[in-house]
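Heads up: the structure comes next, in structure tokens.
The values are calculated or read from the model by the stated rules, or taken from the named source; none is laboratory data. These figures come from a predicted structure and were not determined experimentally. No Cβ is skipped: glycine too gets one built from the backbone with ideal geometry, and neighbour counts run over all protein chains shown. Note: accessible area is taken over every heavy atom of the protein model, side chains too, but ligands, DNA and RNA are not part of it. Shrake-Rupley method; radii C 1.70, N 1.55, O 1.52, S 1.80 Å.
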Amino acid sequence: MTDVRLTDIRKSFGAVEIIKGVDLKIDTGEFVVFVGPSGCGKSTLLRMIAGLEDITSGELTIGGKVMNDVDPSKRGIAMVFQSYALYPHMTVRENMGFALRFAGAAKEEVDARVNEAARILELGPLMDRKPKALSGGQRQRVAIGRAIVRDPDVFLFDEPLSNLDAELRVHMRVEIAKLHKTLKSTIVYVTHDQVEAMTLADKIVVLRAGIVEQVGAPLDLYDDPDNMFVAGFIGSPRMNFLKARIVSTGNGSAQIALTNQPDVRLDLPITSTSVKAGDDVSLGIRPEHFRAAGEGDTDMIVDIDVAEHLGNTSYVYAHVSPEERIIIEREDSRSVGNREKLAVGLSAARAYLFDKDGMRMR
């Protein structure tokens, strides 16, 4: 187990800069997840840690040693890929032990490590099968087992669950979480699925266009986002954003009015001294933070598009204006029935305010 440090890491392909100065500290035994939309640079950053992509500038250290020009095989890392990358002509046992055999390890050591990895991942009954006789989830467990037998300092996972169906993804999330608890290893994990990030990570790194937008524990990012991008990316369904305007300020608070429903006003505590009346802002409200009419600080009328019933939870899809659509989470939407309009309560305590540049106003 060891730590990983990235200092002003940059990566360019020709004239195009993909990673734009990333500074990051990953502590020993920490489970860190890189998230962000497609093309944000998360897989490129992981491959730079692995040594599969050259670093244009900056410094990468693993265990205090500079790794910029060190061969991937000598970095003390093991990588699990999205595609499993198993040898089709080898059995599970042979696949898991291949890297050790190739490195010249003694047969006794190879057998001991392979058997221990098989025990941890419950692969015992599958050891003599070939990959074509395995399910997708079983193949991914074998790929993880192949990484375990190398006893690396750092595990790297590159979207390992994206090829699995929904039920298998849930199962494998549990398996990977158990693995981290058992091995107490440093893990760096890339995914586009923020549910994976929220359930697995000790720390999440949110990336956009090669820049780190925010780093923090999952619930810290959920409860205290720095900007609209992080607020909208972390959480499922995503946060709702409504156009608004500052009506007045004073005594550490600001009154805002919705742009498309000016009679709907809300007083929010704001400490920023740069806030002034007339400023355009965005009001953020998570689907689960709407209240029943009369139970918030003020009510808003929305037009219902459709209601989805999901058992103990329902989502009401509605719009405040033709261009402003929102999602409202309710414990039971059967009361909505065939109504065309719905009154919902807004609470200042569960609302977020963002300036015209998308930055959080605290």
Within region 265-278, the residues that are under 34 Å from the mean Cα position of the chain (by Cα) and either of a type in the set (A, V, I, L, M) or outside any strand (DSSP E or B) (or both) are 266, 268, 270, 271, 272, 273, 274, 275
From the option list 51, 58, 41, single residue qualifying as over 20 Å from residue 197 (Cβ atoms), crowded, with 18+ Cβ neighbours inside 10 Å and of a type in the set (Gly, Ala, Ser) is 51
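Inside region 22-38, can you point out the residues that are surrounded by fewer than 17 Cβ atoms within 10 Å (Cβ to Cβ) and out of contact with any Ser or Thr (no Cβ under 9 Å at 6 or more places or on another chain)?
Of region 22-38, the ones surrounded by fewer than 17 Cβ atoms within 10 Å (Cβ to Cβ) are 23, 25, 27-29, 37-38.
Residues satisfying the conditions are 25, 37, 38.
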In region 270-285, anything at pLDDT 90 or above and within 17 Å of residue 362 (Cβ to Cβ) is listed as 279, 281, 282, 283, 284, 285
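Those residues that are free of Cβ contacts under 8 Å to residues at least 60 places away in the same chain and either within 27 Å of the chain's Cα centre (by Cα) or crowded, with 18+ Cβ neighbours inside 10 Å (or both), I need them from region 61-74; list them, please.
Of the residues in region 61-74, the ones free of Cβ contacts under 8 Å to residues at least 60 places away in the same chain are 61, 65-74.
Passing the criteria: 61, 67, 68, 72.
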So, first residue over 20 Å from residue 262 (Cα atoms) and assigned to a strand (DSSP E or B) in region 312-335, second residue small (Gly, Ala, Ser) and at pLDDT 90 or above, Cβ within less than 9 Å, six or more apart or across chains; the pairs are 327/318; 328/318
Residue set 92, 110; condition open to solvent by less than 40 Å² (accessible area, probe 1.4 Å), of a type in the set (Val, Ile, Thr) and farther than 22 Å from residue 175 by Cα; output residue 110
When every residue in region 256-292 that is without any contact (Cβ under 8 Å) to a residue 40 or more places away in the chain and within 25 Å of residue 221 (Cα to Cα) is compared, the one most open to solvent (accessible area, probe 1.4 Å) is 273
Output for Cβ contacts, cut-off 7 Å, separation at least six or different chains, first residue without any contact (Cβ under 8 Å) to a residue 40 or more places away in the chain and under 15 Å from residue 64 (Cβ atoms) in region 17-31, second open to solvent by 20 Å² or more (accessible area, probe 1.4 Å) and not aromatic (Phe, Trp, Tyr), reads 25/5
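Please list, ordered by residue number, the helices (runs of 4 or more DSSP H) wholly in region 153-231 having 1 or more residues that are buried (at least 17 other Cβ atoms within 10 Å of the Cβ) and touching a residue at least 60 places away in the same chain (Cβ under 8 Å). Spell out how you get there, then give the answer.
Numbers: elements: 166-183, 194-200, 218-223.
Where helices (runs of 4 or more DSSP H) fall fully within region 153-231 and carry at least 1 residues being buried (at least 17 other Cβ atoms within 10 Å of the Cβ) and touching a residue at least 60 places away in the same chain (Cβ under 8 Å), they are 166-183, 194-200.
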For region 117-151, the count of residues that are over 29 Å from the mean Cα position of the chain (by Cα) and either open to solvent by less than 80 Å² (accessible area, probe 1.4 Å) or among the hydrophobic types (A, V, I, L, M, F, W, C) (or both) equals 5
Residue 325 passes all but one of the listed conditions (1) open to solvent by 20 Å² or more (accessible area, probe 1.4 Å); (2) at pLDDT below 90; (3) not hydroxyl-bearing (Ser, Thr, Tyr); the exception is number (2)
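Show me the strands (runs of 3 or more DSSP E) found entirely inside region 1-98 where at least 1 residues are in contact with a His (Cβ under 7 Å, 6 or more places away or on another chain).
Values: elements: 4-13, 16-26, 31-35, 57-62, 77-80.
In region 1-98, 31-35 are the strands (runs of 3 or more DSSP E) which contain 1 or more residues that are in contact with a His (Cβ under 7 Å, 6 or more places away or on another chain).
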